[in-house]
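Colleague: Please find one structure pasted underneath; my questions will follow.
The values are calculated or read from the model by the stated rules, or taken from the named source; none is laboratory data. The shown structure was predicted, so the numbers you read here are calculated from the model rather than taken from an experiment. For neighbour counting, all protein chains shown are included, and Cβ atoms are generated from backbone atoms with ideal geometry for every residue, glycine included.
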Amino acid sequence: MARLALITGAAGLIGHYLLTTAPRWASRWEVRGITRQDVDLTDAGAVRRLWRDLHPHAVIHCAAQSRTGLCQQDPTLAQRINVKATALLAELAAEIPFLFLSSDQVFDGSKGRYVETDPVNPLNVYGETKAEAERIVLQNPRHSVIRVALNAGTSPTGDRSFVEDMRNSLKGGTLLTLFTDEFRCPLPAGMTARALWELIDQDRPGLYHLGGAERLSRWEIGQALISWYPELAGQIQPDSVGTYTGAPRPPDLSMRCDKLQGLLSFPLSGLRAWLAGRTSAGQDLWDYPEGSL
């Protein structure tokens with residue numbers, strides 16, 4: 001019988017891509033996705049019952065409160081979802097592979113091009129909860145933490161990726177400001193899913209960075225997307241993160257991914273290179289086309 005891989009947060013962006021790409025990249029696994037409708041991960045009793053029913057052989061834990069603004073507004077809920085629920089799942093998965101998706105937001109952005117051995121110093125509640133959960137997960141040498149960069153893709157709800165956020169912001173006719181001095185390493189969600197499936201098959205636990213090969217500013221990202229999303233043209237404007245007056249924004253969350261790249265059978269592409277290689281909008285722009293390596 002095929003081994004069962006449990007995907008939490010299956011209605012989210014990366015969870016969705018893990019499910020849809022499983023027939024291609026995870027044929028040796030039986031894959032089960034769970035959403036908030038299946039179980040409330042903050043309900044310990046319900047989670048334990050689900051675990052007894054399913055007996056998974058591996059877990060990829062994608063579920064999170066990932067909206068930085070909502071985490072700032074309700075840190076108690078962010079703690080329950082991002083830390084306590086993760087700790088419970090890690091406890092239940094003590095004897096099996098457990099991949100926890102963390103974030104580049106665990107860094108303060110003062111350095112950029114972060115490697116796995118760099119110290120964390122989050123500036124916001126979301127980053128704080130992810131950093132705390134990382135420490136819990138990594139107490140088990142069988143478990144893994146993957147710090148994920150910005151992911152581009154299309155989600156079931158249409159509001160889970162930064163590309164969707166940008167397009168949704170324009171629907172009200174608002175001019176979108178993109179910073180020229182805030183840097184990330186965006187990558188397609190289909191690439192993230194493939195990397196996670198390869199990592200779980202190799203059973204090489206540890207701490208990894210997973211991002212695109214290009215360090216791009218928010219403005220450069222917007223410019224790169226115009227060829228595929230022409231509605232962005234004329235609706236985005238450049239500015240400096242220094243003018244921002246809200247909660248602290250880490251200026252440079254670029255990451256080096258050499259450690260993970262050494263385990264993968266394919267290169268982690270940069271966003272602009274990925275977009276240049278797409279030839280048809282008929283398929284999901286952010287997934288690997290059929291026949292790709």
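Colleague: Check the range 100-118 and report whether any residue there is farther than 21 Å from Arg49 by Cα, without any contact (Cβ under 8 Å) to a residue 24 or more places away in the chain and either part of a loop (DSSP other than H, G, I, E, B) or among the acidic types (Asp, Glu) (or both).
Modeller: Taking every residue of the range 100-118 in turn, at least one turns out to be farther than 21 Å from Arg49 by Cα, without any contact (Cβ under 8 Å) to a residue 24 or more places away in the chain and either part of a loop (DSSP other than H, G, I, E, B) or among the acidic types (Asp, Glu) (or both).
Colleague: From the list Leu196, Leu178, pick out the single residue that is in a strand (DSSP E or B) and of a type in the set (A, V, I, L, M, F, W, C).
Modeller: After applying the criteria, what remains is Leu178.
Colleague: Within the range 173-231, restricting attention to residues that are over 18 Å from Asp284 (Cβ atoms) and of a type in the set (Lys, Arg), which residue is nearest to the chain's Cα centre (by Cα)?
Modeller: Top of the filtered list is Arg184.
Colleague: Looking only at residues in the range 29-56 that are over 28 Å from Leu150 (Cα atoms) and in contact with a strand residue (DSSP E or B) (Cβ under 8 Å, 6 or more places away or on another chain), which one is surrounded by the most Cβ atoms within 10 Å (Cβ to Cβ)?
Modeller: At the first step, the residues of the range 29-56 found to be over 28 Å from Leu150 (Cα atoms) are 43-56.
Remaining after also requiring in contact with a strand residue (DSSP E or B) (Cβ under 8 Å, 6 or more places away or on another chain): 50, 54-56.
Values: Leu50: 17, Leu54: 13, His55: 9, Pro56: 23.
Only one residue fits best here, namely Pro56.
Colleague: Shifting gears a bit: Among the residues of the range 1-11, count how many are outside any strand (DSSP E or B), buried (at least 18 other Cβ atoms within 10 Å of the Cβ) and out of contact with any Cys (no Cβ under 6 Å at 6 or more places or on another chain).
Modeller: 2
Colleague: For the condition within 16 Å of the chain's Cα centre (by Cα) and either under 16 Å from Pro205 (Cβ atoms) or assigned to a helix (DSSP H, G or I) (or both), what is the one hit in Ser155, Ser144? Explain how you work it out, then say what you get.
Modeller: Working: Ser155 fails: either under 16 Å from Pro205 (Cβ atoms) or assigned to a helix (DSSP H, G or I) (or both).
None of the other options fit; the residue is Ser144.
Colleague: Mind checking which residues of the range 53-68 are of a type outside the set (A, V, I, L, M) and out of contact with any Phe, Trp or Tyr (no Cβ under 6 Å at 6 or more places or on another chain)? Please lay out each step first, then the result.
Modeller: Taking the range 53-68 first, the residues of a type outside the set (A, V, I, L, M) are 53, 55-57, 61-62, 65-68.
If the condition is that a residue be of a type outside the set (A, V, I, L, M) and out of contact with any Phe, Trp or Tyr (no Cβ under 6 Å at 6 or more places or on another chain), then Asp53, His55, Pro56, His57, Cys62, Gln65, Ser66, Arg67 are the ones that fit.
Colleague: Follow-up. Taking the range 67-96, which residues are touching a Leu at 6+ places or on another chain (Cβ under 9 Å) and not in a helix (DSSP H, G or I)?
Modeller: Matches in the range 67-96: Ala93 only.
Colleague: Please go through the range 271-293 and give me each residue that is in contact with a Leu (Cβ under 8 Å, 6 or more places away or on another chain) and either in a strand (DSSP E or B) or modelled with pLDDT of 90 or more (or both), ordered by number.
Modeller: Of everything in the range 271-293, those that are in contact with a Leu (Cβ under 8 Å, 6 or more places away or on another chain) and either in a strand (DSSP E or B) or modelled with pLDDT of 90 or more (or both) turn out to be Leu271, Arg272, Trp274, Leu275.
Colleague: Select from the range 80-105 the residues that are farther than 21 Å from Asn151 by Cα and touching an Asp or Glu at 6+ places or on another chain (Cβ under 8 Å) and list them in ascending order.
Modeller: The answer is Val83, Pro97.
Colleague: Let me ask you something else. Run down Val115, Val120, Val163 and say which single residue is among the β-branched types (Val, Ile, Thr) and in contact with a strand residue (DSSP E or B) (Cβ under 6 Å, 6 or more places away or on another chain). First the steps, then the outcome.
Modeller: Working: Val115 fails: in contact with a strand residue (DSSP E or B) (Cβ under 6 Å, 6 or more places away or on another chain); Val120 fails: in contact with a strand residue (DSSP E or B) (Cβ under 6 Å, 6 or more places away or on another chain).
Every option except Val163 fails the conditions.
Colleague: With respect to Ser240, determine if the residue is of a type outside the set (Phe, Trp, Tyr) and in contact with a Cys (Cβ under 7 Å, 6 or more places away or on another chain). Can you show your working first?
Modeller: Working: of a type outside the set (Phe, Trp, Tyr): yes; in contact with a Cys (Cβ under 7 Å, 6 or more places away or on another chain): no.
When the stated conditions are applied, Ser240 does not pass them.
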